[in-house]
Amino acid sequence: MAAVQRPRYVLADSGGRYRLWTDGYAEYGRLDFLDLPAAGYISRAHFALKLEGGELYIKDLDSKNGTKVNGVDIRGRGWIPLKPGDVVEVAGVIALTLTEAAEP
């Protein structure tokens, strides 16, 4: 039986309530943040994460209210590499910080 590979990176808010990761490609949007009072500002398909060559990348999916990485709007900029400590702001509603996943 093959070992289950744990995620290398985790994108989480300061309270640890939201923890996002991917082992390949994943899209995130409003449904992932429904319990936030301002979730309506987040697009249905807001941003995507992909893991490629051991590195994590993010792309805004033409969202209405944008995605920022370290304060820079990434709309229309394609895939942007992320590194631990980067802060991703989703539609001005929530900030998520990238960290390396803890070992089991």
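Computed from the coordinates by the stated procedures, all read-outs in this text should not be read as laboratory data. Worth saying up front: this structure is predicted, and the values here are computed from it rather than measured. For neighbour counting, all protein chains shown are included, and Cβ atoms are generated from backbone atoms with ideal geometry for every residue, glycine included.
Numbers at a glance
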| item | result |
| --- | --- |
| Cubic angstrom per residue, convex hull over Cα atoms of the chain | 110 Å³ |
| Per-residue Cβ neighbour rank within 10 angstrom, fewest leading, F33, F47 | F33, F47 |
| Virtual spin-label span in nm between L31 and N70, 7 Å along Cα→Cβ | 3.3 nm |
| Order of R44, R8, R30 under a 10 Å beta carbon neighbour criterion, fewest first | R44, R8, R30 |
| Protection proxy ranking, peptides 9-22, 81-94, average beta carbon neighbours within 10 Å, highest first | 81-94, 9-22 |
